[in-house]
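Enquirer: Below: one structure in structure tokens.
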Amino acid sequence: MNLHEYQAKELLKKYHVPVQEGIAVDTVMAAEEAYRQIKTQTGNNFAVIKAQIHAGGRGKGKIEGTEQRGVAVAKSVEDVANIAKNILGGTLVTIQT
């Protein structure tokens, strides 16, 4: 069985295991809203955007045709939008894919 990170976190939470909160999105607009929500909840401008794939090496892998890595730090809603545009619908190429 393969689980995405967000699915594994949901399962762990079900059994009351503490996990770092995250928000899974599938559109740029949803990513922007998630960033605003995280910023409001934490008071922090930083958010980590991660591609969800069943392979390791997301941080070193790149979205095909771009220089965008599969894990990136956003410092503004504009960063979030740019990163999400590259990641969503793209193909992440890693050493395991």
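Enquirer: Name the one entry in Gln41, Gln68 that is closer than 21 Å to Val93 by Cβ and polar (S, T, N, Q).
Expert: Gln68
Enquirer: For segment 51-62, state whether one or more residues are farther than 27 Å from Ile95 by Cα and surrounded by fewer than 17 Cβ atoms within 10 Å (Cβ to Cβ).
Expert: No: segment 51-62 contains no residue that is farther than 27 Å from Ile95 by Cα and surrounded by fewer than 17 Cβ atoms within 10 Å (Cβ to Cβ).
Enquirer: Any idea which of (1) touching a residue at least 12 places away in the same chain (Cβ under 8 Å); (2) outside any helix (DSSP H, G or I) is the one Ile38 doesn't satisfy?
Expert: Looking at each condition in turn, Ile38 falls short on (2).
Enquirer: Which members of segment 42-67 meet the condition of being outside any loop (DSSP other than H, G, I, E, B) and modelled with pLDDT under 90?
Expert: If the condition is that a residue be outside any loop (DSSP other than H, G, I, E, B) and modelled with pLDDT under 90, then Thr42 is the only one that fits.
Enquirer: Just to check your reading of the model, which residue among Lys85, Lys14, Lys39 is more than 13 Å from the chain's Cα centre (by Cα) and either among the hydrophobic types (A, V, I, L, M, F, W, C) or surrounded by 13 or more Cβ atoms within 10 Å (Cβ to Cβ) (or both)?
Expert: Answer to the selection: Lys39.
Enquirer: While we're looking at this one, here's another question. Arg69 fails exactly one of the following numbered conditions: (1) more than 14 Å from the chain's Cα centre (by Cα); (2) more than 22 Å from Met1 (Cα to Cα); (3) buried (at least 16 other Cβ atoms within 10 Å of the Cβ). What is the number of that condition?
Expert: With respect to (1) more than 14 Å from the chain's Cα centre (by Cα); (2) more than 22 Å from Met1 (Cα to Cα); (3) buried (at least 16 other Cβ atoms within 10 Å of the Cβ), Arg69 is out only on (1).
Enquirer: Related question: Taking the condition of being touching a residue at least 40 places away in the same chain (Cβ under 8 Å), over 13 Å from Ile83 (Cα atoms) and either among the hydrophobic types (A, V, I, L, M, F, W, C) or in a helix (DSSP H, G or I) (or both), how many residues in segment 4-33 meet it?
Expert: 2
Enquirer: Okay, next question. Determine the pairs where a residue that is closer than 21 Å to Lys39 by Cα, located within segment 60-75, has a partner that is at pLDDT below 95 and aromatic (Phe, Trp, Tyr) with Cβ atoms under 8 Å apart, the partner being 6 or more residues away or on another chain.
Expert: If the second residue must be at pLDDT below 95 and aromatic (Phe, Trp, Tyr), the pairs left are Val73/Phe46; Ala74/Phe46; Lys75/Phe46.
Enquirer: Counting only residues that are loosely packed, with under 15 Cβ neighbours inside 10 Å and under 26 Å from Gln37 (Cβ atoms), how many does segment 88-97 have?
Expert: 1
The values are calculated or read from the model by the stated rules, or taken from the named source; none is laboratory data. What you see is a predicted model, and the numbers here were worked out from it, not measured in a lab. Every residue, glycine among them, receives a Cβ derived from its backbone with ideal geometry; neighbour counts consider all protein chains shown.
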